Amino acid sequence: MRIILLGAPGAGKGSQAGLLEDKLNIPHISTGDMFRSNIRGNTMLGSKVKSYMDRGVLVPDELTVEIVKDRFLKEDCIKGFILDGFPRTLTQAEYLDEAFFKMRMEITYAIDIYAPDEVIIKRLSGRRICSGCGKNYHIRTKPPVKEGICDECGGKLVQRNDDREEIIRKRLETYHIETEPLIGYYKKKGKLLKIDGRGSIEDTYEGMLSALGMENDFN
Ligand code: AMP
């Protein structure tokens, strides 16, 4: 199954991709994670993309396409994949169509996870990430046992640069202008599924599995 997850930043794409990855045993491909790992590794690409990410605007299409272009050829993608955060512009969607056409592949579904801006701002501004292992927390809904410290590895919890409220608002504005039109793009192709992302991770997962016609085994 080849799935694209659409939806605003904070709608829950990453959490749902992680759950689907385990259920379907196909890789979760996140361009945001790829960029962050380049920034952590101080690569040339990392230094090029950091300022865009810090400002909450999109990384230029050429750099983004460059980072994903060979990913689909890896062996773990044979059974499919879950794309989280790509495509984010019409140019990227058209690039993907062309690349898949050449590889004789087709997207199975584009899933739009919907949540209103105010829900997203509350969610993202409370998010904290472990600087050691990357585990996600939330100061209200999923706090660690000891404030500021990861339950798993004892690492320090930090706020992503782009999870500050003014940057979240910019990311949402960018989403509405650049990415939201992709909902219509995939609808026209008959590939769109829409699910409600306002509730908990479990509720959203249930909605997604039911839209995909699959059984829920969340526990
Ligand atoms: P994410 O973790 O998916 O929210 O992505 C974090 C940031 O990475 C975004 O705000 C963008 O600056 C950049 N980014 C991730 N994916 C893309 C993409 N497909 N196109 C352009 N920029 C992207």
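Away from the ligand (no atom under 14 Å from the Cβ) and at pLDDT below 95: does that describe Lys122? Break it down stepwise before answering.
Working: away from the ligand (no atom under 14 Å from the Cβ): yes; at pLDDT below 95: yes.
It is true that Lys122 is away from the ligand (no atom under 14 Å from the Cβ) and at pLDDT below 95.
Return only the number of the condition from (1) assigned to a loop (DSSP other than H, G, I, E, B); (2) more than 7 Å from the ligand (Cβ to nearest atom); (3) aliphatic (A, V, I, L, M) that Leu58 does not satisfy.
Looking at each condition in turn, Leu58 falls short on (2).
Yes/no per residue for (1) surrounded by 16 or more Cβ atoms within 10 Å (Cβ to Cβ); (2) outside any helix (DSSP H, G or I); (3) in contact with a strand residue (DSSP E or B) (Cβ under 6 Å, 6 or more places away or on another chain):
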position	(1), (2), (3)
Lys187	no, no, no
Gly190	no, yes, no
Ile195	yes, yes, yes
Glu202	no, no, no
Met208	yes, no, yes
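I'm told Ile82 meets every condition in (1) more than 12 Å from the chain's Cα centre (by Cα); (2) more than 10 Å from the ligand (Cβ to nearest atom); (3) closer than 28 Å to Glu118 by Cβ; (4) outside any helix (DSSP H, G or I) except one. Can you identify the failing condition by its number?
For Ile82, the failing item is (1).
Which condition number in (1) surrounded by fewer than 18 Cβ atoms within 10 Å (Cβ to Cβ); (2) touching a residue at least 12 places away in the same chain (Cβ under 8 Å); (3) farther than 22 Å from Ile177 by Cα; (4) of a type outside the set (A, V, I, L, M, F, W, C) is the one that Ser47 fails?
Going through the list (1) surrounded by fewer than 18 Cβ atoms within 10 Å (Cβ to Cβ); (2) touching a residue at least 12 places away in the same chain (Cβ under 8 Å); (3) farther than 22 Å from Ile177 by Cα; (4) of a type outside the set (A, V, I, L, M, F, W, C), Ser47 breaks only (2).
If you go through segment 131-144 one residue at a time, do you hit one that is part of a helix (DSSP H, G or I) and under 22 Å from Gln16 (Cβ atoms)? Talk me through it step by step, then tell me what you get.
Keep residues of segment 131-144 that are part of a helix (DSSP H, G or I), which gives none.
So far as segment 131-144 goes, no, none of its residues is part of a helix (DSSP H, G or I) and under 22 Å from Gln16 (Cβ atoms).
Tell me, please, whether a residue that is over 14 Å from the mean Cα position of the chain (by Cα) and more than 30 Å from Arg164 (Cα to Cα) can be found in segment 38-51. Talk me through it step by step, then tell me what you get.
Our first condition is that a residue be over 14 Å from the mean Cα position of the chain (by Cα); within segment 38-51, this holds for 38-51.
If we keep only those that are more than 30 Å from Arg164 (Cα to Cα) too, we end up with none.
No, the conditions are met nowhere in segment 38-51.
Yes or no: Asp76 at pLDDT 95 or above, charged (D, E, K, R) and either more than 14 Å from the ligand (Cβ to nearest atom) or buried (at least 16 other Cβ atoms within 10 Å of the Cβ) (or both)? Lay out the reasoning, then the answer.
Details: at pLDDT 95 or above: no; charged (D, E, K, R): yes; either more than 14 Å from the ligand (Cβ to nearest atom) or buried (at least 16 other Cβ atoms within 10 Å of the Cβ) (or both): yes.
So Asp76 fails the test.
Take the residues of segment 123-148 that are among the charged types (D, E, K, R) and touching a residue at least 12 places away in the same chain (Cβ under 8 Å): which is farthest from Lys74 (Cα to Cα)? Don't jump to the end; show me each part of the working.
Step one: filter segment 123-148 for residues among the charged types (D, E, K, R), giving 123, 127-128, 135, 140, 142, 146-147.
Then keep just the ones that are touching a residue at least 12 places away in the same chain (Cβ under 8 Å); that gives 123, 127-128, 135, 140.
On the way: Arg123: 34, Arg127: 32, Arg128: 31, Lys135: 26, Arg140: 39 Å.
Top of the filtered list is Arg140.
The values are calculated or read from the model by the stated rules, or taken from the named source; none is laboratory data. Treat the numbers as computed from the prediction; the structure is a model and nothing was measured. Reconstructed Cβ throughout: ideal geometry from the backbone, glycine too, with neighbour counts over all protein chains shown.
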